[in-house]
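What follows is a single structure, written as structure tokens, with notes after it.
The values are calculated or read from the model by the stated rules, or taken from the named source; none is laboratory data. In this text the structure is predicted, and so the values were computed from the model without any measurement. Reconstructed Cβ throughout: ideal geometry from the backbone, glycine too, with neighbour counts over all protein chains shown.
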Amino acid sequence: MRTGVGVLVAAIVLIAARAQAAEPVRLELKPNAKGVEATFILPDPVTRFALEEPVEDVRGDTWRLQTPGVVLANGVVSRADGGAFSTFSILVTPDSQPRDRRYPALTAIGGGWQIYGPYFKAAEGVVEGRIVSPKGWATAPAGAGDRIVLDGYVYAGPAGDITAGPATFVAGPETPAIMRDAVAKAASQAAAYYAKRLSVELGGKPTVMIALVPTFNPGWQGDTTAGPVASLRFFGPQAGQMDAGDADRAVGFVNHEFFHFWNSRTFRSRDGAGEAWLHEGMAEYAALLAAREAGAMSEAEVGEALAGRLTGCANTLKAKGLATDPPRRGGGVYDCGVLVQWIADLRVRRTSNGSRDVFDLWRTLFADAGRSGGQYDSAGFLALAGLSDGDADEPLRLLMQPGAPDRWSRLTSAMEAMGAKIAPTRSGEAERRTLVMHVLDQVCKGVRGYYGGDPKALKLDTGERCGALNGDPSIDAVAGHDIMTDVHAAFDAAGPLCAAQGELVLSLKGKAVGSVACKAPMPARPMAWTVERWR
Ligand SMILES: [Zn+2]
């Protein structure tokens, strides 16, 4: 036994010593007109070279091996003839489409590129990246000389696209001034506000990048990486024609993503996937408070936003418990997450006579997390938020456990007892979603949905999966009623038509787009509320 252990220890020391002595892989990123050519130079010849993240969908899409005889599959580079190699080059061009919960590898900004560094890391050993760029280019976040850090997004492009400030800001000349200004201001304000309210300064200076991608379907996407970097990407041919509404949405995004620098990067949720409502909910709720603090939203606008979250959560969660059957993706994560934070905020304000709010709760949660490896969880949060198992009408308990349909009226009553003013109403957005998804359910096999970027019409996502509605048509009316301006009438008209197994006609600007035989009764009308006072 003793000998065995001794040998094992010696072996580990030997491996550790060898790993330390191993020379790094050198990576040269050379931008060209199409994208970025990535050349890997290995210290020794190998027969296979594995990349750290196996993102086959991203690499299979736009990564092309430039070295004859060398292939890339499932994140592994090898020679087709099985032989050894010590260098290879890959031309990486911009991702051809946005992907859910996946970082894009390469996105154009101005005359340069936003690169997602971790896709270039090796499964074993260190990769040292450097950029081989034209004169006048710079990187953000800045590395030492031409070195780039591969831990998150890095921008390489003309130095004029990078602006220094309390947050470093990257945008090309294609980004309208209204957007540049709104985002730059929000980034500075959010960083200062969160640092003050949480009593925690960020480890590094944040960087914000803005990209326009006119070739994608309308919409937008954003995410954060180490660095800390926030990336905002606006899609569609109209992406460059931004108005004040787009700027406001971008401010909300910046406020949301910046909170993740604290609750997902400085501290971490112990079960980020299972309890996504916890970190996403506070990022979104903190964004509302930050916008209110900066004067970017009025009291009424915050109330409107919270009404939308309450409505969204009620219609997603229905009778399920947030603790027992939590949503793991989609709107329910955010809607129910915000509702939890709002309830906690009401309680903190109530019990402190208005001298404290939910940020004080998170400051305590983070301080506790700092003593246990930087992690926090819903148990710790709910204990601080006053979750009570004794009282059947305690609002957090009503939300966490499965409940009868009347739980939602009991929940809003309990919130009113804590100072809010909430009234039932009808929701255009929720009824539009229920109606259109019901129509699609009648004819689609597989993925279905719609894009909501255009205020005048919905573009359906039907592909070749929805029979009469194939080909992603746009619609603005169902059953003879405009679903953008008069959706309640459309919803009410569809009920009797579906009950009688009749036809639902879809149209655009008065012209029929398709007709769907409704075989199933319409779902119940979605619940909805307005919020007159939220604190
Ligand atoms: Zn988020």
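Brief remarks on what is shown
- Against the test of being at pLDDT 95 or above, surrounded by fewer than 18 Cβ atoms within 10 Å (Cβ to Cβ) and touching a Leu at 6+ places or on another chain (Cβ under 6 Å), the options Arg350, Arg363, Arg356 yield a single qualifying residue, Arg363.
Per-residue answers, yes or no, for (1) under 30 Å from Pro424 (Cα atoms); (2) in contact (Cβ under 8 Å) with a residue 12 or more places away in the chain:
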| site | (1), (2) |
| --- | --- |
| Ser474 | no, yes |
| Ala477 | yes, yes |
| Ala489 | yes, no |
| Val516 | no, yes |
| Pro526 | yes, yes |
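- If you filter segment 505-535 down to residues that are surrounded by fewer than 18 Cβ atoms within 10 Å (Cβ to Cβ) and of a type in the set (A, V, I, L, M, F, W, C), you find that the one that is nearest to the chain's Cα centre (by Cα) is Ala524.
- Filter pass, Ala250 being outside any loop (DSSP other than H, G, I, E, B), assigned by TED's automatic domain parsing to the domain that holds Tyr334 and of a type in the set (Gly, Ala, Ser): no
- Search result, residues across segment 288-310 that are part of a helix (DSSP H, G or I), touching a residue at least 60 places away in the same chain (Cβ under 8 Å) and farther than 16 Å from Gly245 by Cβ: Leu289, Ala290, Glu293, Glu299, Val302, Gly303, Leu306, Ala307, Leu310
The rows are residues; the columns are (1) at pLDDT below 95; (2) more than 13 Å from the ligand (Cβ to nearest atom); (3) buried (at least 20 other Cβ atoms within 10 Å of the Cβ); (4) within 29 Å of Pro526 (Cβ to Cβ).
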| residue | (1), (2), (3), (4) |
| --- | --- |
| Leu278 | no, no, yes, yes |
| Tyr285 | no, no, yes, yes |
| Gly295 | yes, yes, no, no |
| Glu299 | no, yes, no, yes |
| Ala319 | yes, yes, no, yes |
| Leu322 | no, yes, yes, yes |
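- Selected residue (criterion: surrounded by the most Cβ atoms within 10 Å (Cβ to Cβ)) from residues of segment 233-265 that are within 17 Å of Ile109 (Cβ to Cβ) and within 16 Å of the ligand (Cβ to nearest atom): Val254
- Among the candidates Ala300, Ala290, Ala296, residue that is over 15 Å from the mean Cα position of the chain (by Cα), closer than 21 Å to Gly203 by Cβ and not assigned by TED's automatic domain parsing to the domain that holds Ala191: Ala290
- Lone qualifier among Ala142, Ala192, Ala156, Ala187 - being part of a loop (DSSP other than H, G, I, E, B) and either touching a Ser or Thr at 6+ places or on another chain (Cβ under 6 Å) or modelled with pLDDT under 95 (or both): Ala142
- Some residue of segment 211-219 being surrounded by fewer than 17 Cβ atoms within 10 Å (Cβ to Cβ), of a type in the set (A, V, I, L, M, F, W, C) and either touching a residue at least 24 places away in the same chain (Cβ under 8 Å) or within 16 Å of the ligand (Cβ to nearest atom) (or both): no
- When the criteria are applied in full, Ala230 meets the requirement of being in a strand (DSSP E or B) and within 16 Å of the ligand (Cβ to nearest atom).
- Gly222 falls short on exactly one of the conditions (1) within 15 Å of the ligand (Cβ to nearest atom); (2) in a strand (DSSP E or B); (3) surrounded by 24 or more Cβ atoms within 10 Å (Cβ to Cβ), and that condition is (3).
- Arg268 being within 14 Å of the ligand (Cβ to nearest atom), under 30 Å from Arg407 (Cα atoms), surrounded by fewer than 18 Cβ atoms within 10 Å (Cβ to Cβ) and touching a residue at least 60 places away in the same chain (Cβ under 8 Å): no
- Condition met for Cys313 (touching an Asp or Glu at 6+ places or on another chain (Cβ under 6 Å), in contact (Cβ under 8 Å) with a residue 24 or more places away in the chain and part of a helix (DSSP H, G or I)): yes
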